[in-house]
Structures are given as structure tokens and as C-alpha cells.
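Enquirer: Before I ask anything, here is the structure I am working with.
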Amino acid sequence: MANNGVAGLLYQQLSGGRWLTHIVQSHDGFVTVQDLILASVPADTRCSSSLPYLGDYDYLLSVGNEFRGVFSANNSPDFANFPQGVNLSARCKFQHKHAQRWLRNPVAVSIDPFYFSVPVIP
């Protein structure tokens, strides 16, 4: 819960073949909410032979007037997957939808941690 009484909830949902990562904020016990989608990534892109497909770590905390957190998601470099924007550590060519390491070696799609920060609603 933020200093101004706003509650936050971070969750992931499988919908229409995509993993959606939401942060929801509410003043009134989630009777009304502001729902922000942080990621909408493919759920059918094969990343590795191990399970789970999606990482099992989500974290949310409030710091001053921000909610900050971490979630796991597919790292496919496609702007459509991250409606709020994204910065990836690999050298990405979003127009070609692939990533490279600094030595120009291709980077396979994987499940990576993503850090986020969003303002608390007033």
C-alpha cells in the first residue's frame, strides 16, 4: 500500500495465447481500479526445454509515490509486447524483432526478469 492509501496488485494472466502482466491500483478496495498492462508476450514461443515456461517470480512494493517491482516474461524484442515501453540489455533490432549480444551473436528468446516503476495514482 502506498503512502496515500492506494493499494497495488501485480499479477499475470494467460489470455488468447499471450501472457499479460498487469499492475492494478485502487483507492477503494478494488471496487474501482486503474489497470495498466506492462507486458503482453507470446505464450507459445518455445524458449527452452525446461518448465515452467514463465518465470515464477513477481514482486511489488511501494516507495514514496511509485510502485516498483519485478516480473518474469518472454524477452522477444517487439515493441507491441511492452505497451509502456522497455529497455533491454541486449542490442535489439526491434524492426527485425531479434536481439544480439555486443559481439553480434544472436540472442535466443528466453524468459528474463523485468524491472518496472509506475507512479501511484493520486
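Enquirer: Can you tell me which residues in segment 3-29 are in a loop (DSSP other than H, G, I, E, B), over 16 Å from PHE67 (Cα atoms) and open to solvent by less than 80 Å² (accessible area, probe 1.4 Å)?
Expert: Listed by number, the residues that qualify are GLY17, ASP28, GLY29.
Enquirer: Within the set of pairs 6+ apart or on separate chains, which have a first residue in segment 30-43 that is over 30 Å from SER110 (Cβ atoms) and part of a strand (DSSP E or B), a second that is of a type in the set (Val, Ile, Thr) and open to solvent by 60 Å² or more (accessible area, probe 1.4 Å), and C-beta atoms under 8 Å apart?
Expert: Matching pairs, first to second residue: none at all.
The values are calculated or read from the model by the stated rules, or taken from the named source; none is laboratory data. Keep in mind it's a predicted model, so treat the numbers as computed, not measured. Reconstructed Cβ throughout: ideal geometry from the backbone, glycine too, with neighbour counts over all protein chains shown. Please note that ligands, DNA and RNA were not included when accessible areas were found on the heavy atoms of the full protein model with its side chains. Shrake-Rupley method; radii C 1.70, N 1.55, O 1.52, S 1.80 Å.
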